[in-house]
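A.B. asks: My questions all concern the structure below.
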Amino acid sequence: MPSLEIGGWSLETTRPVLNQLNLVARDFSATLAFYRRLGLDMPDGSSSPEGVRHSEITLANGFVLELDNEALAGLYNAAWRKPRGSSRALLGFAVATREEVDRLYKELTAAGYEGRQPPYDTFWGARYAVVADPDGNDVGLMSPLDESRRSWPPKNSPAP
């Protein structure tokens, strides 16, 4: 069986492993500022050749988040085209505590980012909220699960 090395982990697998997400930003600087405010230590990244912008961070679990501008996306993907509508994906970030979900949501919305789902206690036992990054991608903030807070049947999340 082939071996695959990802973020310091050696995997014995023949199946694909999700290890990277590239976000193509309309406004690279604004998107970089959002993810930094979220708490990611994103470097300024490269700006060479002229007009190309790229930054990346390897997270603790080995997953790589990359930010690219539209000029770079066209270089590595000949079929790349500008988005035609809203995204149907959600980027989920785990945070350390329930209070951290509330704090980050408040900080990000106070800074002008759109709140899409105010913090609430979910039926699966986490504290959860959603904000939008500058390109309209949904970004979920989720606390660790607390078994004592699980509830069934699920209830609709509170309206924003």
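The values are calculated or read from the model by the stated rules, or taken from the named source; none is laboratory data. For clarity, every value in this text was computed on a predicted model and none was experimentally measured. Glycine also receives a Cβ, built like all others from the backbone with ideal geometry; neighbour counts cover every protein chain displayed.
A.B. asks: What pairs come out if I take residues in segment 56-74 that are in the same structural domain as LEU18 (by TED's automatic domain parsing) and in contact (Cβ under 8 Å) with a residue 12 or more places away in the chain and pair them with residues that are among the β-branched types (Val, Ile, Thr) and in a helix (DSSP H, G or I) whose C-beta lies under 9 Å away, six or more apart or interchain?
C.D. replies: What qualifies is LEU67/THR31; ASN69/THR31.
A.B. asks: Now for a separate question. Contact list please: Cβ distance under 7 Å, first residue in segment 78-98 and closer than 23 Å to LEU40 by Cα, second residue small (Gly, Ala, Ser), pairs at least six apart or on different chains.
C.D. replies: These pairs meet every condition: SER87/GLY136; LEU90/GLY140; LEU91/GLY140; GLY92/GLY140; PHE93/GLY140; VAL95/SER143; THR97/SER143; ARG98/SER143.
A.B. asks: When only residues in segment 99-136 that are touching a strand residue (DSSP E or B) at 6+ places or on another chain (Cβ under 6 Å) and part of a loop (DSSP other than H, G, I, E, B) count, which is surrounded by the fewest Cβ atoms within 10 Å (Cβ to Cβ)?
C.D. replies: The extreme case among them is GLU114.
A.B. asks: Filter segment 61-89 for residues that are farther than 12 Å from ASP135 by Cα and of a type in the set (S, T, N, Q); which is surrounded by the most Cβ atoms within 10 Å (Cβ to Cβ)?
C.D. replies: ASN77
A.B. asks: Please verify whether segment 89-112 includes one or more residues that are within 20 Å of the chain's Cα centre (by Cα), of a type outside the set (D, E, K, R) and closer than 30 Å to PRO49 by Cβ.
C.D. replies: yes
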